[in-house]
Amino acid sequence: MNVEPIQPHIGARIHVARDRLCDPEVVEGCLQALERHGVLVFPQIGLTDAEQAAFTHALGAGGQATRHFPGGAAVEGEVFEISLNTDLEARAAYVKVSFFWHMDGLLLDAPLPKAALLSARRVAPSGGQTEFASTFAAYEQLPEAEKAQVADLRAVHTPVAGLRQVLAEPPSEADLAPLGPGYGDREHPLVWTQASGRKSLIVSSTADRVLGLPIADGRALLARLLEWTAQPAFKYRHEWQEGDLLIWNNHGVVHRVLPYDAASGRTMRRTSIERIREGAPA
Ligand SMILES: [Fe+2]
């Protein structure tokens, strides 16, 4: 197994034979690389659904997160299909929320899912790239005065904040109906001190307001932090090829997909990990 860093702050390509993926030393190496690089790319590894599910289970536990996501449809077990090819417009709206920077699971009444695996079955001829930005680097490089300014602030994340970016009218009850019971308004700190002691920013287009600040000031701050995080030095854009597999550390990166057309047939397979398996390095 060979780990080839892509940029100093984010991304690594993993070169490994497909039939070695679930070997304990490869799993261990991937988990370490995930902490260090935030996003792992397995170029054109071409996993089947069963292989992706097996690798997901080797890395961690859980995997229910996507089940509640209105845009996802189960293909098999915990493997979900992500595409805009849906007969339900309300579901497509939720997939389009992913055109905007976000972290997965911020609206769920549960700990943030640790990681997701996404593989490409059919790519779009244009658009559809996935972008990632390091929220660890964004915090670490933030000027000291701004670190102090945001240190104790908390934001409210809402389904409405995400949806109003993709709908012409303010979201109605019907627009919110596809959401599962675990979804709702949730508070998160702007600065997350993780169990390892390392700090990251929690930035996402689902953030609606900052507690204790006037609406405009809070939204301006949220926009500025998102812009800061998404600067080129902290960012990686993945140009998909069929068969590529990506894993991202949802605790350390924010992500979005660049817009693509439903007619492109872009189709991805997704699995997720609630937490890293017991005994793995933090
Ligand atoms: Fe996402």
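What to note about this one:
- Computed over neighbours whose Cβ is under 13 Å from that of Q149, the net charge equals -2, Lys and Arg +1, Asp and Glu -1.
- Where only DSSP H runs of four or more residues are counted, the chain gives -7000 deg cm²/dmol as its mean residue ellipticity at 222 nm, each run worth -39500 (n - 2.57).
- Each part gets one Cα centre, and for the range 185-219 versus the range 1-33 those centres are 31 Å apart.
- Share of carbon and sulfur in the accessible heavy-atom surface of the chain [1.4 Å probe, %]: 51
- Of G180, G197, G252, the one that fluctuates the most in a GNM where the chain has Cα springs shorter than 10 Å: G197
- For the range 74-181, taking the reciprocal of the average inverse distance between every pair of different Cα atoms yields a Kirkwood hydrodynamic radius of 16.9 Å.
- Cut-off 15 Å between beta-carbons: net charge of the residues surrounding D208, Lys and Arg +1, Asp and Glu -1: +2
- Size of electric dipole in the range 183-282: Cβ of Lys, Arg +1 and of Asp, Glu -1, about Cα centre, debye, nearest 20: 180
- Within a straight-line Cα-Cα reach of under 29 Å, K147 can be paired with the following lysines, leaving aside sequence neighbours fewer than 8 residues apart in one chain: K114, K199, K235.
- When the surface is traced with a 1.4 Å probe over the full set of protein chains, K96 keeps roughly 80 Å² accessible.
- Built amide H within the under 5 Å cut-off of Y260, gap 5+: G128
- Shape annotation for the chain: C-alpha extents along the principal axes are 55, 46, 34 Å, from largest to smallest.
- Applying 1/(1 + (r/R0)^6) with r as the Cβ-Cβ distance of L213 and A233 and R0 = 30 angstrom yields a FRET efficiency of 0.65.
- Using the Cβ-Cβ distance between V3 and A54 with R0 set to 22 Å, the FRET efficiency from 1/(1 + (r/R0)^6) comes to roughly 0.55.
- Among V95, V16, V254, residue whose mean-square fluctuation peaks in a GNM of the chain (springs only between Cα atoms under 10 Å): V16
- Virtual spin-label span in nm between A110 and A145, 7 Å along Cα→Cβ: 4.3
- Length gained on full extension, V156 to S126: 7.4 nm, using 0.36 nm per residue less the C-alpha separation.
- Compactness index (Cα Rg / 2.2 N^0.38 Å), the range 109-160: 1.70
The values are calculated or read from the model by the stated rules, or taken from the named source; none is laboratory data. None of the values given here were measured: they were computed from a predicted structure. All Cβ positions, even for glycine, are placed from backbone atoms using ideal geometry, and neighbour counts span all protein chains on display. Ligands, DNA and RNA are stripped out before the accessible areas are found, and what is left, the full protein with its side chains, is counted by its heavy atoms. Shrake-Rupley method; radii C 1.70, N 1.55, O 1.52, S 1.80 Å.
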